[in-house]
Amino acid sequence: MRYSMNKQQASREIISLREQIERHNHLYYVLAAPEISDRQYDALYHRLEEIEHAHPDLVSEDSPTQRVGGQPLPGFTPVQHAVPMLSLSNTYSKDELREFDIRVSRVLGNRTFTYVVEPKIDGVAVSLVYENGLLTIGSTRGDGVTGDDITANIRTIRSIPLRLLRTKSMPALLEVRGEVFMPKTGFSAFNAVRDEAGDEPFANPRNAAAGSLKLLDSRIVAKRPLDAVFYEIARPQDIPIATQAELLERLKSFGFPTSPTYWESPAIDGVIERLDELDSLRRRFPFGTNGAVIKVNQRNLRGILGSTAKSPRWETAFKFEPERVETRLINISVQVGRTGVLTPVAELEPVSIAGSVVRRATLHNMDEIHRKDIRIGDRVIVEKAGDVIPAIVQIVADARNGKELVFSMPSECPVCVGPVIRLENQVATRCENLQCPAQIKSWLRHFAARNAMDIEGLGEVLVEQLVDNGLVKSPADLYDLDREDVAGLDRMADRSADNLIDGIRASRQREFWRLIFALGIRHVGQISAQRLEEHFENIDVLMSASVENLEKTPDVGPIVAKSIHDFLSGPPRRVLIKRLRESGVNMKRLASSQSSAGPLCGKTFVLTGTLADLTRDEATDLIRRAGGRVSSSVSAKTSFVVAGSDPGSKLARAEKLGVPILDENGFRKLVGHPEQ
Ligand code: IVH
């Protein structure tokens, strides 16, 4: 690259790149209307990184490259709010809302005013300070007077501007207030990943957002799907404007994400009509909405109304009753997860809530059952917490007839009948038997998953059969299976038996990080497994690493480091690793796994039909070694389809989408393996 540019040129290009990147960030994350492809965006970003790398003195805090900071913080610093963050008075009743209107009208006398109705976002309140257009402090509400400085975490949220978009008049000081939330879709996916890594899922998106903002390591926060909406400024003098409606538009023009809808209404009747409209719209919002906030629109009238010690008199919240239904708790069953944790699950008489039928609800743990005094046979009130996960809110005590049964956690694992333990200071009850079929099954599913050892042919049903027939008790047993073992299973066709055996065999050559992830170490997700591979070249080095040493890996904090250390030093795991090694499973960093180095880096291949001289695994291997990826389905993003004889529908799809098609010869040339 052109490092020969002088400082002035570099500075000029940096400024231009930052402006372009922030603009595209805003188009993508806030307006959901990107103008350039991800690739073009990446090119701008990499160019900026490159110049900043060559000119470190030109790196500044507001650069988009600096969203994720360095080391974790030792703790949060308190921040005194310049203007207290009050709370809102609230009601569930439309009559009380009319009383609010009467009070407001009485105080305002004959002055004309209107109301603005906004969604009440179910997130975490934050306050952000911008000095000369630059984000300088982000804080939590705390007790309203003093909050925590969470600037490093706030900076990682892509929809929050690090620098205000240029507008005509830029305030020297601006303090905005709003809510950080985890979008509903992101929440479901994030919880699924947590579950997979053996971490306790969050009960609802609000808790997930609050938990994320309280992390001391902003590098972890950066990976969480967080977003925000802003609706207020701390000081009226920050932007001298007349109305709330105008304020929301101004916030938008500075680059802040704002509510997708709000309404203005001249009278309380109109406000009340809007509440029903909001109620029918809110399920489509990316955030949870637990009500509406009704505000006097004219900002100069707010001072006349003033505040109580707790909340302003010119605004109030109307809360929607979460949709709740009564049903019967038929039974409490117990599930055993991959890490052996026993989770009680409520089996309910099916009921419909918020558009879907609910049959089960999580009860989390014994503490929850005790706290709510839940018994089998109880009539219970169920709601969808944060619009997502069904939960039991309370029991209907009056409906008891004395025949309800008190539930206690089994002292034996419901699956393997092995002993369970509940550690002191821990809410979880755990099955200690590593041989428990429930644990083995979820471990095998995890081990074989596409993002782990990627064992083609080993699906859910087969895992059940292999374990139930006693053929597999640990991932190591997979590698001892032969064709005859599996061919004997129910409904097993010859082809699938072959596929499975081929799939297992091929998985021996996977990248090392896949094995680290597949081992199912608590708290070790895919990303940390990849970081571990970068730091520890093989399993022996990893196994002999101290906790301190493990902690030096990015993405690996003290808890994760200890978990890895404990896992790898236990004798059963040592035996497992020994057996996997003897079966020929790769346990070291492959030269080719630094895929960014290969000539096919970034290219995705789909294989279809039979190649004359290469098995599918050999072809896959050649692609991986060259840095490419193999995928099972054709999309517009597929770089090449490799077609052998008897190709399937994938070929037709590739033709339709205009994806380049290679025959065996073309493929061999491309991967640098021409026919001899
Ligand atoms: S106005 C006095 N507008 O709800 C503080 N608040 O339950 C009110 N909230 O503390 C600020 N959506 O964190 C306002 N559109 C909205 C809101 C909203 C959510 C939060 C805010 C407040 C809490 C009160």
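The values are calculated or read from the model by the stated rules, or taken from the named source; none is laboratory data. Everything quoted here is computed from the prediction, not taken from an experiment. Every residue, glycine among them, receives a Cβ derived from its backbone with ideal geometry; neighbour counts consider all protein chains shown. Heavy atoms of the whole protein, side chains included, go into the accessibility calculation; ligands, DNA and RNA do not. Shrake-Rupley method; radii C 1.70, N 1.55, O 1.52, S 1.80 Å.
Annotations
- A single member of Leu614, Leu651, Leu607 is at pLDDT 85 or above and not in a helix (DSSP H, G or I), and it is Leu607.
- Residue among Thr140, Thr185 that is among the polar types (S, T, N, Q) and touching a Leu at 6+ places or on another chain (Cβ under 8 Å): Thr140
- Criterion (polar (S, T, N, Q), touching a residue at least 12 places away in the same chain (Cβ under 8 Å) and out of contact with any Phe, Trp or Tyr (no Cβ under 7 Å at 6 or more places or on another chain)) met by exactly one of Thr316, Thr362: Thr362
- No other residue among Asp57, Asp62 is over 32 Å from the mean Cα position of the chain (by Cα) and either outside any helix (DSSP H, G or I) or at pLDDT 90 or above (or both) apart from Asp57.
- Selection of region 177-209 for residues being open to solvent by less than 20 Å² (accessible area, probe 1.4 Å) and within 16 Å of the chain's Cα centre (by Cα) yields Val180, Phe181, Met182, Gly186, Phe187, Asn191, Ala197, Gly198, Pro205, Ala208, Ala209.
- Residues (within 16 Å of the ligand (Cβ to nearest atom) and of a type in the set (A, V, I, L, M, F, W, C)) located in region 210-231: Ala210, Leu213, Leu226, Ala228, Val229, Phe230
- Within region 232-246, tally of residues that are in contact with a helix residue (DSSP H, G or I) (Cβ under 8 Å, 6 or more places away or on another chain), open to solvent by 50 Å² or more (accessible area, probe 1.4 Å) and either charged (D, E, K, R) or within 16 Å of the ligand (Cβ to nearest atom) (or both): 1
- Residue in region 321-342 that is within 15 Å of the ligand (Cβ to nearest atom) and surrounded by fewer than 20 Cβ atoms within 10 Å (Cβ to Cβ) present: yes
- Region 74-105 - residue that is assigned to a loop (DSSP other than H, G, I, E, B) and exposed (fewer than 15 other Cβ atoms within 10 Å of the Cβ) and, of those, farthest from the ligand (Cβ to nearest atom): Pro74
- Qualifying residues in region 654-676 (those that are in a helix (DSSP H, G or I) and open to solvent by less than 70 Å² (accessible area, probe 1.4 Å)) - the one farthest from Leu622 (Cα to Cα): Ala654
- Here the helices (runs of 4 or more DSSP H) wholly within region 508-587 that include at least 1 residues being of a type in the set (S, T, N, Q) are 526-535, 539-544, 547-551, 558-569.
- Scope region 482-507; condition part of a helix (DSSP H, G or I) and charged (D, E, K, R); matching residues: Arg483, Glu484, Asp485, Asp494, Arg495, Asp498, Asp502, Arg505
- Within region 154-176, restricting attention to residues that are of a type outside the set (Ser, Thr, Tyr) and under 24 Å from the mean Cα position of the chain (by Cα), the residue that is surrounded by the fewest Cβ atoms within 10 Å (Cβ to Cβ) is Arg158.
- Scope region 349-376; condition among the hydrophobic types (A, V, I, L, M, F, W, C), assigned to a strand (DSSP E or B) and modelled with pLDDT of 95 or more; matching residues: Ile376
- Among the conditions (1) touching a strand residue (DSSP E or B) at 6+ places or on another chain (Cβ under 7 Å); (2) of a type outside the set (Asp, Glu); (3) within 13 Å of the ligand (Cβ to nearest atom), the only one that Thr308 does not satisfy is (1).
- Matching residues, region 106-123, being open to solvent by 20 Å² or more (accessible area, probe 1.4 Å) and either assigned to a strand (DSSP E or B) or away from the ligand (no atom under 16 Å from the Cβ) (or both): Arg106, Val107, Gly109, Asn110, Arg111, Thr112, Phe113, Thr114, Lys120
- Considering Leu27, Leu48, the condition of being more than 16 Å from the ligand (Cβ to nearest atom), surrounded by 17 or more Cβ atoms within 10 Å (Cβ to Cβ) and either under 28 Å from the mean Cα position of the chain (by Cα) or assigned to a helix (DSSP H, G or I) (or both) is satisfied by Leu48 alone.
- Among (1) in contact with a helix residue (DSSP H, G or I) (Cβ under 9 Å, 6 or more places away or on another chain); (2) polar (S, T, N, Q); (3) within 25 Å of Lys120 (Cα to Cα) - the single one Thr146 does not satisfy: (1)
- Against the test of being hydrophobic (A, V, I, L, M, F, W, C) and under 30 Å from Asp42 (Cα atoms), the options Leu580, Leu607, Leu542, Leu550 yield a single qualifying residue, Leu607.
- Neighbours by Cβ (under 8 Å, 6+ apart or cross-chain): first from region 213-233, over 21 Å from Leu174 (Cβ atoms); second open to solvent by 40 Å² or more (accessible area, probe 1.4 Å) and within 16 Å of the ligand (Cβ to nearest atom): Lys214/Asp148
- Scan of region 520-543 for residues that are within 20 Å of Ala197 (Cα to Cα) and touching a strand residue (DSSP E or B) at 6+ places or on another chain (Cβ under 6 Å), ordered by number: none
- The single residue among Glu249, Glu277, Glu264, Glu273 that is closer than 30 Å to Leu134 by Cβ, more than 13 Å from the ligand (Cβ to nearest atom), out of contact with any Cys (no Cβ under 7 Å at 6 or more places or on another chain) and open to solvent by 50 Å² or more (accessible area, probe 1.4 Å) turns out to be Glu249.
- Matching residues, region 294-316, being crowded, with 21+ Cβ neighbours inside 10 Å and in a strand (DSSP E or B): Ile294, Lys295, Val296, Glu315, Thr316
- Residue check for Arg313: within 14 Å of the ligand (Cβ to nearest atom) and basic (Lys, Arg): yes
- Residue match in region 201-209 (condition: within 16 Å of the ligand (Cβ to nearest atom) and either modelled with pLDDT of 90 or more or touching an Asp or Glu at 6+ places or on another chain (Cβ under 6 Å) (or both)): yes
- The set of residues from region 129-153 being within 16 Å of the ligand (Cβ to nearest atom), open to solvent by less than 20 Å² (accessible area, probe 1.4 Å) and touching a residue at least 60 places away in the same chain (Cβ under 8 Å) comprises Ser139, Gly144, Gly147, Ile150.
- Among the residues of region 411-436, those identified as touching a strand residue (DSSP E or B) at 6+ places or on another chain (Cβ under 7 Å) and either without any contact (Cβ under 8 Å) to a residue 12 or more places away in the chain or open to solvent by 40 Å² or more (accessible area, probe 1.4 Å) (or both) are Ser411, Glu412, Pro414, Val415, Pro419, Ile421, Arg422, Glu432.
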